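Engineer: The structure that follows is given in the form of structure tokens.
Please treat every number below as a calculation from the coordinates, not as lab data. Since we're looking at a predicted model, the values are computed, not measured. Note: ideal-geometry Cβ built from the backbone for every residue, glycine included; neighbour counts use all protein chains shown.
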Amino acid sequence: MADNRESRSAIFARKVRALRQERGWSQAQMGQQLARYGQKLGQSRVATIEDTGSVTLDQADAFADAFGVPVEVLLYEQPPAASDIYIRQLQRLSRICNAV
């Protein structure tokens with residue numbers, strides 16, 4: 001069965017581009033914003049991210065910080081409710097504790 005959902009990377013790329021453009025930032029200015037959050041990226045790397053959505057976790061976090069949004073906003077078409085996120089985090093912690 002084919003899954004027609006957009007990939008997380010594609011969503012990330014699209015949302016980064018849209019949020020950057022909403023703020024009127026060039027790709028070079030986006031790189032300058034990211035440097036404030038510990039991710040010094042040049043214009044060409046920002047362009048690649050907007051094309052592919054391929055980032056490290058630290059880069060994704062820096063984009064979220066630069067835009068002032070939770071990282072889930074960049075990863076999901078419809079971000080999950082905060083309560084759902086907390087429940088999943090608690091479930092993960094529980095599995096880790098049980099494994100230890």
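Engineer: Using unit Cβ charges (K, R positive; D, E negative) and no other charged atoms, how large, in debye to the nearest 20, is the dipole of the chain about its Cα centre?
Structural biologist: With Lys and Arg at +1 and Asp and Glu at -1, about 160 debye.
Engineer: Taking the Cβ of residue 45 as the centre, find all other residues whose Cβ is under 15 Å away and add up their charges (Lys, Arg: +1; Asp, Glu: -1).
Structural biologist: Charge balance in the 15 Å sphere: 0.
Engineer: Tell me the label-point distance for the pair residue 54, residue 100, using the 7 Å Cα-to-Cβ offset, in nm and rounded to one decimal.
Structural biologist: 3.4 nm
Engineer: How far is it, in nm, from the label point at residue 32 to the one at residue 90 when both lie 7 Å from their Cα along the line to the Cβ?
Structural biologist: Taking the two extended label points, one gets 4.5 nm.
Engineer: Ok, one more. How large is the helix-only mean residue ellipticity at 222 nm for the chain, computed as the sum of -39500 (n - 2.57) over DSSP H runs with n ≥ 4, divided by its residue count, in deg cm²/dmol to the nearest 500?
Structural biologist: Result for the chain, helices only: -21000 deg cm²/dmol.
Engineer: Can I ask one more? Over all Cα pairs of segment 1-51, how is the pair count split among 5 Å bins, expressed in % and running from 0 up to the last occupied bin?
Structural biologist: Result, from short to long distances: 5, 21, 25, 24, 11, 6, 4, 4, 1 percent.
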